[in-house]
Protein chains: 2
Amino acid sequence: MSNTKLNIGLFGFGTVGKGLHEVLSKINLTDVQIKRVCIRDKSKKRDALLPFTDNAEDIFGDKEINFIVELIDDAEAAYLIVKRALISGIPVVSGNKKMLAYHLDELISLQKQYKTALLYDASACGSIPVIRNLEEYYNNELLTSVKGILNGSSNFILSKIFNEGMSYQDALKLAQRLGFAESNPTLDIDGWDSLFKLIIITVHAFGVYVRPDEIFNYGISSLNDNDIKFAEKEQRRIKLVACAEKAGDKLVLSVMPHLISKQKYIYSVEDEFNGVVIKGLFYYKQFMFGRGAGGYPTGSAVLSDITARLYDYKYEYKRQNAVRKLEYTTDVPVRIYFRYSDDKHLQLLDFENITEKYVSRQFCYVVGTVRLKQLHQKAEVLRKEDIFLSVYPEN
Amino acid sequence: MSNTKLNIGLFGFGTVGKGLHEVLSKINLTDVQIKRVCIRDKSKKRDALLPFTDNAEDIFGDKEINFIVELIDDAEAAYLIVKRALISGIPVVSGNKKMLAYHLDELISLQKQYKTALLYDASACGSIPVIRNLEEYYNNELLTSVKGILNGSSNFILSKIFNEGMSYQDALKLAQRLGFAESNPTLDIDGWDSLFKLIIITVHAFGVYVRPDEIFNYGISSLNDNDIKFAEKEQRRIKLVACAEKAGDKLVLSVMPHLISKQKYIYSVEDEFNGVVIKGLFYYKQFMFGRGAGGYPTGSAVLSDITARLYDYKYEYKRQNAVRKLEYTTDVPVRIYFRYSDDKHLQLLDFENITEKYVSRQFCYVVGTVRLKQLHQKAEVLRKEDIFLSVYPEN
């Protein structure tokens, strides 16, 4: 591919697609151009002079198009595009984390089978080059954990609550008004977006693919004033943390709110920013921080994936070839803060020990240890009831 | 080089060389081994079972050695080793920032001429993958600045002063006792080490090579209690900051103490850590943080360079091919805090405006704007006199 001009067939022209187009028009890359854009609704007015089409065949049938960039919302449609590109031997960049989280295992096989590259650095943490760094730079490192704030919308809301004393509802509305949260914010606020990114990151950090339904994720939508007060009394902040961590020769994954103390790096990750802490045996720890979303940062990250192909870059998935693969488990203890209003909620979980208990007419909470496995088994009901839970680390 | 075993000829077995050896023996890399180690003093007792030699010909003459790693202190000797390796077509990794800062221009040409790779990510910021990221990931980014704390020893000293109220002398002694500062700490404390790293980073960030003697660098060795009190009164901390920054179509470089306010990321970079803030037009800003020195972190970074070669990785120096190259300048204003004891010191510089002036029998200071060019011209005398100066940004 080196020294060949990239003629891009672009699918989708939302925030990121537009961001990519604008970044491309501001910098002068003679060897990269968007040849055609496939969108769902051709009648919609667009403020860009590009050849639009609503027919995918106009891209796959164009012999001059030697590169596909997929930036659409619909995960299943994105999957079909990426799969078709790989099978046709056309290198492809995707930004669809949901699609990747569900299909990465198969897409890795397809890359090998058809010797065609799929890149997706922009899919996890926007402008922070987490995947590329894990893949390239930490490849000798005996990694022990990757933890981070991977979702900007929920972090924006939590920042407004803890820094500016906003209520959850007001913070959510502000996030929506500023475009940080979708009109249906479930993906962001209930931890799904973080979960998808965590799955992708884990493949590159630990060489293990785990399906979304095998991982416990719990968001911040049931957070209330009592939880905020509890955190503040403890001089902590609540952050939504995605976590991949070694425990012996096992691997533990979760997306949960954490009560974070001041001395932790991610305590200071504010607003719509993302931050990732990578710990390894030799490096001690590394912290990367930047914009996780938005048209320009993400468009620019997509462009990094595109130009990487000018140098024939592909992911090697080196850790998947490790001799001793880590086994995924949820059978580990986790210390949580658990706020509830009715004793029946407390009966949902078998606390192994309770070190703190508070009861009042307004609300109750306990601090104690449960098995992550049980949280996962009870995930549905935990999400529905009038409760809130958060990891509460000792330090 | 792919799928070929790397037989390494290693020069030097100090902290980093030993770190590399230990990292290598803890992880299981079947395709990388240290074949022979060339050291200055063969009689010195070493606690490693490796074939040592004091004759470079034992490495260059060994046909099985297909990779050179240079980790010695002596910059001129390091230069000769790296040059010989490149001319002989043997890929080489170097950790010698001083050597690179003085010879990078020629070494880039030699790489092209002999189609042989030189990698040196470990030379700037130890475990933080700054160079690789600038080279690979930010390559489409219209970068505006790269600023950072690039020297762990001086930062350790400043942290002890500002966090624990230690005197400069005590902090320096502690740094030396803990092995963070050399017995002759000039390189670290007077900003030379940061300067060398800045030069290397600038080549990859902006495609411009500037010689060390063309850049103003000023360290922290004349810092005294009055300066510390001034900083604390202003709720700032003094940090030694290396800075590469665009000013229009010009490029400005410097290494100077900065009075850093709380809201800046590098305010919180403590102890022996390094932190780098990369700003770009589309990414807004990115922050990377980690261990900048020490045997394991740096040895591990060297190993990342080594294994990158298993995948034929080389720096592309893409920005050096930019159509419009930035022109280096020192002809820019800089707002400084300038502490002195004698009026003759104030006469050294033509302040363009002075917004603050304090005079007492113990010490005096002004806050005002000077040309960076003049600081550079007067560097010798500024370093000698009983004065201290620091960049004092408006916010």
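Within the stretch B:332-395, which helices (runs of 4 or more DSSP H) (wholly inside it) include 1 or more residues that are of a type outside the set (D, E, K, R), free of Cβ contacts under 8 Å to residues at least 24 places away in the same chain and surrounded by fewer than 16 Cβ atoms within 10 Å (Cβ to Cβ)?
Working: elements: B:343-347, B:372-377, B:379-384.
Qualifying helices (runs of 4 or more DSSP H): B:343-347, B:372-377.
Is there a residue being assigned to a loop (DSSP other than H, G, I, E, B), buried (at least 16 other Cβ atoms within 10 Å of the Cβ), touching a residue at least 60 places away in the same chain (Cβ under 8 Å) and within 14 Å of chain B (Cβ to nearest Cβ) anywhere in the stretch A:94-101?
Here is the first cut: in the stretch A:94-101, the ones assigned to a loop (DSSP other than H, G, I, E, B) are A:95-96.
Applying the additional criterion that residues be buried (at least 16 other Cβ atoms within 10 Å of the Cβ) yields A:95-96.
Narrowing the set further to residues that are touching a residue at least 60 places away in the same chain (Cβ under 8 Å) leaves A:95.
Okay, now just the ones that are also within 14 Å of chain B (Cβ to nearest Cβ), so none.
Looking for residues that are assigned to a loop (DSSP other than H, G, I, E, B), buried (at least 16 other Cβ atoms within 10 Å of the Cβ), touching a residue at least 60 places away in the same chain (Cβ under 8 Å) and within 14 Å of chain B (Cβ to nearest Cβ), one finds none in the stretch A:94-101, hence no.
Assess whether A:SER268 counts as being closer than 20 Å to A:ILE200 by Cα and under 20 Å from the mean Cα position of the chain (by Cα). Before the answer, list the steps.
Details: closer than 20 Å to A:ILE200 by Cα: no; under 20 Å from the mean Cα position of the chain (by Cα): yes.
Judged against the criteria, A:SER268 is not a match.
Among the residues of the stretch A:297-349, which ones are of a type in the set (A, V, I, L, M, F, W, C) and at the interface with another protein chain (Cβ under 10 Å from one of its Cβ atoms)?
Quick first cut of the stretch A:297-349, residues of a type in the set (A, V, I, L, M, F, W, C) only: A:301-303, A:306, A:308, A:310, A:322-323, A:326, A:332, A:334, A:336, A:338, A:346, A:348-349.
Of everything in the stretch A:297-349, those that are of a type in the set (A, V, I, L, M, F, W, C) and at the interface with another protein chain (Cβ under 10 Å from one of its Cβ atoms) turn out to be A:ALA301, A:VAL302, A:LEU303, A:ILE306, A:ALA308, A:LEU310, A:ALA322, A:VAL323.
In the stretch A:107-141, how many residues are among the hydroxyl-bearing types (Ser, Thr, Tyr) and more than 12 Å from chain B (Cβ to nearest Cβ)? Lay out the reasoning, then the answer.
Narrowing the stretch A:107-141 to residues among the hydroxyl-bearing types (Ser, Thr, Tyr): A:109, A:114, A:116, A:120, A:123, A:127, A:137-138.
Subset that is more than 12 Å from chain B (Cβ to nearest Cβ): A:109, A:114, A:116, A:120, A:123.
Qualifying residue count, the stretch A:107-141: 5.
If A:ASN66 meets every condition in (1) in contact with a helix residue (DSSP H, G or I) (Cβ under 8 Å, 6 or more places away or on another chain); (2) touching a residue at least 24 places away in the same chain (Cβ under 8 Å); (3) farther than 23 Å from A:LYS98 by Cβ apart from one, which number is that one?
Tallying (1) in contact with a helix residue (DSSP H, G or I) (Cβ under 8 Å, 6 or more places away or on another chain); (2) touching a residue at least 24 places away in the same chain (Cβ under 8 Å); (3) farther than 23 Å from A:LYS98 by Cβ, A:ASN66 fails exactly one: (1).
Restricting attention to the stretch B:109-124, which residues are touching a strand residue (DSSP E or B) at 6+ places or on another chain (Cβ under 8 Å) and under 11 Å from B:LYS314 (Cα atoms)?
Residues satisfying the conditions are B:GLN111, B:THR116, B:ALA117, B:LEU118, B:LEU119, B:TYR120.
Using the structure shown, decide if A:ALA78 is aliphatic (A, V, I, L, M), closer than 20 Å to A:ALA301 by Cα and modelled with pLDDT of 95 or more.
Values: aliphatic (A, V, I, L, M): yes; closer than 20 Å to A:ALA301 by Cα: yes; modelled with pLDDT of 95 or more: yes.
Yes; evaluated as a whole, the condition is true for this residue.
Can you tell me how many residues within the stretch A:292-324 are more than 11 Å from A:ALA117 (Cα to Cα) and of a type in the set (Lys, Arg)?
Selection size over the stretch A:292-324: 3.
Would you be able to tell me the number of residues in the stretch B:1-35 that are touching a Ser or Thr at 6+ places or on another chain (Cβ under 6 Å) and surrounded by fewer than 19 Cβ atoms within 10 Å (Cβ to Cβ)?
So the answer is 0.
What number of residues within the stretch B:230-257 are hydrophobic (A, V, I, L, M, F, W, C), surrounded by fewer than 23 Cβ atoms within 10 Å (Cβ to Cβ) and either closer than 19 Å to B:PHE273 by Cβ or not assigned by TED's automatic domain parsing to the domain that holds B:GLN362 (or both)?
1
Conditions tested, residue by residue: (1) at pLDDT below 95; (2) part of a loop (DSSP other than H, G, I, E, B); (3) in contact with a Pro (Cβ under 8 Å, 6 or more places away or on another chain); (4) surrounded by fewer than 19 Cβ atoms within 10 Å (Cβ to Cβ).
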{"position": "A:ILE108", "(1), (2), (3), (4)": "no, no, no, yes"}
{"position": "A:CYS125", "(1), (2), (3), (4)": "yes, yes, no, no"}
{"position": "A:ASN139", "(1), (2), (3), (4)": "yes, yes, no, no"}
{"position": "A:LEU158", "(1), (2), (3), (4)": "no, no, no, no"}
{"position": "A:ASN163", "(1), (2), (3), (4)": "yes, no, no, yes"}
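Answer yes or no: is there a residue in the stretch B:179-193 that is surrounded by 23 or more Cβ atoms within 10 Å (Cβ to Cβ) and either over 21 Å from the mean Cα position of the chain (by Cα) or under 30 Å from B:ASP249 (Cα atoms) (or both).
There is at least one residue in the stretch B:179-193 that is surrounded by 23 or more Cβ atoms within 10 Å (Cβ to Cβ) and either over 21 Å from the mean Cα position of the chain (by Cα) or under 30 Å from B:ASP249 (Cα atoms) (or both).
Does A:ALA301 count as part of a helix (DSSP H, G or I), closer than 30 Å to B:GLU270 by Cα and either of a type outside the set (Val, Ile, Thr) or not assigned by TED's automatic domain parsing to the domain that holds A:PHE230 (or both)?
Working: part of a helix (DSSP H, G or I): yes; closer than 30 Å to B:GLU270 by Cα: yes; either of a type outside the set (Val, Ile, Thr) or not assigned by TED's automatic domain parsing to the domain that holds A:PHE230 (or both): yes.
Judged against the criteria, A:ALA301 is a match.
Search the stretch A:49-96 for residues being more than 21 Å from A:GLN111 (Cα to Cα) and charged (D, E, K, R), and hand back the single one that is nearest to the chain's Cα centre (by Cα).
If we take residues in the stretch A:49-96 being more than 21 Å from A:GLN111 (Cα to Cα) and charged (D, E, K, R), then A:ASP73 is nearest to the chain's Cα centre (by Cα).
Quick one: how many residues across the stretch B:364-394 are under 15 Å from B:ALA231 (Cβ atoms) and in contact with a strand residue (DSSP E or B) (Cβ under 6 Å, 6 or more places away or on another chain)? First the steps, then the outcome.
In the first step, residues of the stretch B:364-394 are kept if they are under 15 Å from B:ALA231 (Cβ atoms); the result is B:365, B:367, B:388-393.
Add one more test, that the residue is in contact with a strand residue (DSSP E or B) (Cβ under 6 Å, 6 or more places away or on another chain), and what stays is B:365, B:367, B:388-392.
Residues that pass the stated criteria total 7.
Give me a count of the residues in the stretch B:1-24 that are within 12 Å of chain A (Cβ to nearest Cβ) and of a type in the set (Ser, Thr, Tyr).
Residues flagged as within 12 Å of chain A (Cβ to nearest Cβ) and of a type in the set (Ser, Thr, Tyr) within the stretch B:1-24 amount to 1.
The values are calculated or read from the model by the stated rules, or taken from the named source; none is laboratory data. Just so it is clear, the model here is predicted, and its values are computed rather than measured. Cβ sites come from the backbone with ideal geometry, for glycine too, and all protein chains shown count toward neighbours.
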